[in-house]
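Each remark here refers to the structure printed beneath this line.
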Amino acid sequence: MYVPAHFEESRIEVLHALVRARPLATLVTLSSAGLEANHIPLHLSAAPAPFGTLHGHVARANPLWKDLVSGVEALAIFQGPDQYVSPSWYPAKREHGRVVPTWNYAVVHARGALRVIDDPAWLRGQLEALTAGQEASLSEPWAISDAPREYTDRLIGAIVGIEMTITTLTGKWKVSQNQPAENQAGVVSGLNDLGSADAREMAELVEAFSPSRPRDRPA
């Protein structure tokens, strides 16, 4: 991934926060037939330092777990908020017109060797951790133990675990840092005027990652 210095995000806590907030990863692997991409929710554990470990599962019928090229790292892509940016939001458009559209986004790439785990106990623990994280904010959170044991045992038999110890973690936050302050303010205003949750989230990122703000400001 091309990452200009002004778009680079290297703070582990910020990268981990996006992974936890947007756990559905695009998992890219190399098989005997070439590159394969699967969309899989992955649960992040902070250990081992510094980057942590990703845990997930795939259907037993999915060839991913049986057809991995040995010695080749997998790539997990976590896509954060994204938004089209109109040049009409820039005050510079009215001043000289030398502006063009762009796209703002935040993304994390995690790399590491993929390990296959065909162990019902491990899989149950992975499912419990994944669902607990997603259910935590609900008024009546569901747990694996709410379903009959024989039912979940049968379903667990139809999946296989995967694990990636992260060796490289790369973040790119392209959120108008390369624009002057007045254009950044125009982007924030334009995004907020759109009214959607995604646009408001991007507006918050533009504000938080403005070079005029302290670098340690929470994202």
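The values are calculated or read from the model by the stated rules, or taken from the named source; none is laboratory data. Here the structure is a predicted model, which is why all the values come from computation and not from measurement. Heads up, the Cβs are rebuilt from the backbone with ideal geometry, glycines too, and the neighbour counts pull from every protein chain shown.
Figures for the structure shown
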{"item": "Filter result (of a type in the set (Phe, Trp, Tyr) and free of Cβ contacts under 8 Å to residues at least 24 places away in the same chain) within the range 147-195", "result": "151"}
{"item": "Boolean, residue 39 is under 18 Å from residue 134 (Cα atoms), under 18 Å from the mean Cα position of the chain (by Cα), exposed (fewer than 15 other Cβ atoms within 10 Å of the Cβ) and not hydrophobic (A, V, I, L, M, F, W, C)", "result": "yes"}
{"item": "Residue within the range 52-61 that is touching a residue at least 12 places away in the same chain (Cβ under 8 Å) and farther than 15 Å from residue 161 by Cα present", "result": "yes"}
{"item": "Conditions (1) surrounded by fewer than 20 Cβ atoms within 10 Å (Cβ to Cβ); (2) modelled with pLDDT of 95 or more; (3) of a type in the set (Gly, Ala, Ser); (4) not in a loop (DSSP other than H, G, I, E, B): number failed by residue 76", "result": "(1)"}
{"item": "Criterion: out of contact with any helix residue (DSSP H, G or I) (no Cβ under 8 Å at 6 or more places or on another chain), surrounded by 12 or more Cβ atoms within 10 Å (Cβ to Cβ), of a type in the set (Phe, Trp, Tyr) and farther than 30 Å from residue 155 by Cβ - qualifying residue of 2, 90, 84", "result": "84"}
{"item": "Condition check for residue 114: in contact with a Leu (Cβ under 7 Å, 6 or more places away or on another chain) and of a type outside the set (S, T, N, Q)", "result": "yes"}
{"item": "Residue list for the range 12-29, filter: among the basic types (Lys, Arg) and either part of a strand (DSSP E or B) or touching a residue at least 60 places away in the same chain (Cβ under 8 Å) (or both)", "result": "20"}
{"item": "Unique match (being closer than 30 Å to residue 199 by Cβ, in contact with a Pro (Cβ under 6 Å, 6 or more places away or on another chain), at pLDDT 95 or above and not aliphatic (A, V, I, L, M)) among 81, 101", "result": "101"}
{"item": "The range 49-103, subset under 18 Å from the mean Cα position of the chain (by Cα) and of a type in the set (Gly, Ala, Ser), residue nearest to residue 189 (Cα to Cα)", "result": "80"}
{"item": "Hits in the range 171-193 - residues which are exposed (fewer than 15 other Cβ atoms within 10 Å of the Cβ) and among the aliphatic types (A, V, I, L, M)", "result": "181"}
{"item": "Any chance residue 98 is among the charged types (D, E, K, R) and touching a Leu at 6+ places or on another chain (Cβ under 6 Å)", "result": "no"}
